[in-house]
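Presented below is the structure to which this report refers.
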Amino acid sequence: MSSYTKRVHFKNRKHKFEVGARPGTINIPDDALPPEIVIYSFNETDLQISEGCDMRTITQQVKKCPDHTHWIKINGLGDAKLIEDIGTFMGINQLVLEDVVNTHQRPKFDEYDNYVFGTSRIIFFNDDNELVNCQFSGIVKDNIIISFEESNMDYFEPVKTRLQAGKGIIRTAGPGYIFYALTDTILDNYFVVLSQIGDRIDQTEDKLYESPDKSIMFEAQQLKRTLIVIRRSCWPERDKINDMIRSESELITKDVKIYLRDAYDHCIQAMDMVESYKEVTSSIIDLYLSMVSNRMNEIMKVLTIISVVFIPLTFIAGIYGMNFSRTDDHGHLIADNMPELYWHHGYVYAIILMLGIGVGLLFIFWKKGWFNKL
C-alpha cells in the first residue's frame with residue numbers, strides 16, 4: 001500500500017531564458033547533460049551502429065554509409081557547438097535549433113522546404129516516484145533522422161530492437177517511418193503511465209471504502225494533477241499527428257500516413273482515458289467530502305439526542321435547585337414558595353420524574369427510527 005500513498009513529485013526542468021534575445025539564440029540549460037551520440041545506419045540487408053560524442057562521429061558515419069538510412073540518436077543537450085554544427089551540416093533554420101534546446105515546447109509539427117521538424121513530450125515515472133516530463137525533438141531530411149532527448153534514459157528500446165531484428169518495413173520505409181515509430185512509442189508509453197495511474201486510483205478507492213482518512217483527498221488531488229500534465233501533452237500531440245497526416249512533404253509518405261492514422265486513434269484513446277480518470281479522481285474527492293459531511297451529521301444527531309434528553313432534566317433540576325426559603329425572618333410561611341422542597345421523599349420523586357422523562361424521550365426517538373440511522 002505504501003507504493004501509492006507516497007506523494008507524486010513533479011520533476012521540473014530548468015529553462016534558461018534571455019529576455020529580448022535574438023530569435024534563434026541557442027541557450028543551453030545549466031543542468032543539461034553532455035550529449036551521447038548513437039548512430040544506426042541501415043538498409044534492407046545491413047545495420048551498422050556507431051557511437052561518439054562529437055560532430056565527427058556523425059559526418060564519418062554518413063560518408064561511410066551513403067546508401068543507408070541514418071537514425072542519429074542524441075541523448076543530452078549540453079553542447080551548444082554540436083547543435084550548431086548539426087544545423088550547419090543539415091541546413092536547419094536557427095529557430096528550429098532554438099526549439100530543440102528550449103525544452104518547454106508543446107508537441108508540434110513544422111514543415112520546411114526540404115525537411116520536417118516535430119516535438120513530443122516524454123512522460124514517465126522514475127524510480128523516485130517523480131513524474132518526469134521531458135522533450136523529444138526530431139528532424140527528418142533526405143535519408144537522415146536526428147532525434148534529440150534531454151535525458152540518457154533508453155526510452156526507444158523497442159524501436160532499436162525492431163531495427164536489429166530487421167523484420168517488417170522498418171528498414172525500408174525511410175526516415176519518415178522511423179519518426180512515426182518514435183512518436184508511436186511515446187504514445188504507447190502514455191498508456192503505461194495511465195495504467196499505473198489507474199492502479200493507484202483503484203487502490204485509493206479501496207482505501208476510501210475500507211478506512212477513509214484525509215490522505216485520500218491528497219492522493220486523489222495528486223493523481224488529478226498528474227492527469228492534467230498528461231492531458232497537456234495528449235491534446236497537442238493529437239494536433240501534431242493530424243498535421244503529419246495532412247502534410248504534403250515527400251518525407252511523410254502515403255504508407256507512413258496509414259500508420260499515422262492508427263497513432264491518431266491511439267492518441268484519442270489516451271485522451272479519453274485521461275478524461276475518464278479525471279472524472280473518477282474528482283468523484284473520489286467529492287465522495288470523501290460527502291462521507292465526512294455525513295459523519296459530521298451523524299455526530300451532530302447523537303449530540304442533539306443527548307441535548308434533547310438532558311434539557312428537560314436540567315430544567316427540572318434548575319427549578320428545584322433555586323432553594324427559596326419557605327418562611328420569613330419572623331417564622332411566618334411565605335406564600336407561593338415551593339412546597340415540594342419539603343415533601344417527604346421529594347428527592348426520590350424528582351429522580352423518578354427525570355428518569356421517566358429521559359426514558360420516554362429515548363422511546364420516542366427509538367420509535368421514529370433515529371437510532372437505526374446512526
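Given the criteria part of a helix (DSSP H, G or I) and under 30 Å from N242 (Cα atoms), does D262 qualify? Considered against the rule, which asks whether it is part of a helix (DSSP H, G or I) and under 30 Å from N242 (Cα atoms), D262 comes out as yes.
Restricting attention to region 282-320, the residues that are of a type in the set (S, T, Y), assigned to a helix (DSSP H, G or I) and closer than 30 Å to G356 by Cα total 3. The single residue among A181, A173 that is among the small types (G, A, S) and either open to solvent by less than 20 Å² (accessible area, probe 1.4 Å) or assigned to a helix (DSSP H, G or I) (or both) turns out to be A181.
Output the residue which, of all residues in region 186-214 that are among the polar types (S, T, N, Q) and surrounded by fewer than 18 Cβ atoms within 10 Å (Cβ to Cβ), is farthest from F42 (Cα to Cα).
That would be S211.
Yes or no: region 141-156 includes at least one residue that is in contact with a helix residue (DSSP H, G or I) (Cβ under 6 Å, 6 or more places away or on another chain), of a type in the set (D, E, K, R) and open to solvent by 10 Å² or more (accessible area, probe 1.4 Å). Yes, region 141-156 contains a residue that is in contact with a helix residue (DSSP H, G or I) (Cβ under 6 Å, 6 or more places away or on another chain), of a type in the set (D, E, K, R) and open to solvent by 10 Å² or more (accessible area, probe 1.4 Å).
Can you name the condition, by its number, that C53 falls short on among (1) open to solvent by less than 60 Å² (accessible area, probe 1.4 Å); (2) in contact with a Pro (Cβ under 8 Å, 6 or more places away or on another chain); (3) modelled with pLDDT under 90; (4) hydrophobic (A, V, I, L, M, F, W, C)? In the conditions (1) open to solvent by less than 60 Å² (accessible area, probe 1.4 Å); (2) in contact with a Pro (Cβ under 8 Å, 6 or more places away or on another chain); (3) modelled with pLDDT under 90; (4) hydrophobic (A, V, I, L, M, F, W, C), C53 misses (1) alone.
Inspect region 35-42 for any residue being open to solvent by 70 Å² or more (accessible area, probe 1.4 Å) and either at pLDDT 90 or above or under 22 Å from I92 (Cα atoms) (or both) and give the result as yes or no.
Yes, there is a match, as at least one residue in region 35-42 is open to solvent by 70 Å² or more (accessible area, probe 1.4 Å) and either at pLDDT 90 or above or under 22 Å from I92 (Cα atoms) (or both).
Restricting the first member to region 169-190 and to residues that are closer than 12 Å to S120 by Cα and of a type in the set (S, T, N, Q), and the second to residues that are assigned to a helix (DSSP H, G or I) and open to solvent by 10 Å² or more (accessible area, probe 1.4 Å), the beta-carbon pairs closer than 8 Å and six or more apart or on different chains are T185/P158.
The number of residues in region 327-348 that are of a type in the set (A, V, I, L, M), surrounded by 10 or more Cβ atoms within 10 Å (Cβ to Cβ) and free of Cβ contacts under 8 Å to residues at least 12 places away in the same chain comes to 2.
Among residues of region 209-237 that are within 29 Å of Q135 (Cβ to Cβ), those with a Cβ under 9 angstrom from a residue that is part of a helix (DSSP H, G or I) and among the acidic types (D, E), sequence gap 6+ or separate chain, pair up as L227/E275; R231/E275. On inspection, I268 passes the criterion of being in a helix (DSSP H, G or I) and over 20 Å from F124 (Cβ atoms). W71 falls short on exactly one of the conditions (1) without any contact (Cβ under 8 Å) to a residue 60 or more places away in the chain; (2) of a type outside the set (A, V, I, L, M); (3) in contact with a helix residue (DSSP H, G or I) (Cβ under 6 Å, 6 or more places away or on another chain), and that condition is (1).
Are any of the residues in region 240-259 open to solvent by 70 Å² or more (accessible area, probe 1.4 Å), in contact (Cβ under 8 Å) with a residue 24 or more places away in the chain and over 30 Å from H104 (Cα atoms)? There is at least one residue in region 240-259 that is open to solvent by 70 Å² or more (accessible area, probe 1.4 Å), in contact (Cβ under 8 Å) with a residue 24 or more places away in the chain and over 30 Å from H104 (Cα atoms). Determine, yes or no, whether I83 is surrounded by 15 or more Cβ atoms within 10 Å (Cβ to Cβ), farther than 23 Å from T172 by Cβ and β-branched (V, I, T). The answer is yes for I83.
If I filter region 117-127 for residues that are outside any helix (DSSP H, G or I) and either among the acidic types (D, E) or within 22 Å of T59 (Cβ to Cβ) (or both), do I get at least one hit? Yes.
Please state which one of F324, F365, F315 is free of Cβ contacts under 8 Å to residues at least 60 places away in the same chain and surrounded by 11 or more Cβ atoms within 10 Å (Cβ to Cβ). The match here is F315. Here K73 passes the criteria (1) in contact with a Phe, Trp or Tyr (Cβ under 8 Å, 6 or more places away or on another chain); (2) outside any strand (DSSP E or B); (3) not hydroxyl-bearing (S, T, Y) except the one numbered (2). Out of all the residues in region 296-314, is one or more under 30 Å from Q221 (Cβ atoms) and of a type in the set (V, I, T)? Yes - at least one qualifying residue is present in region 296-314. Applying the criterion of being of a type outside the set (V, I, T) and in a loop (DSSP other than H, G, I, E, B) to the residues of region 157-170, the residue that is surrounded by the fewest Cβ atoms within 10 Å (Cβ to Cβ) is K167.
The values are calculated or read from the model by the stated rules, or taken from the named source; none is laboratory data. Quick caveat, the model's predicted, so the values are computed rather than measured. Every residue, glycine as well, gets a Cβ built from its backbone with ideal geometry; the counts of neighbours run over all protein chains shown. In case anyone asks, the SASA skips ligands and DNA or RNA and just uses the protein heavy atoms, side chains included. Shrake-Rupley method; radii C 1.70, N 1.55, O 1.52, S 1.80 Å.
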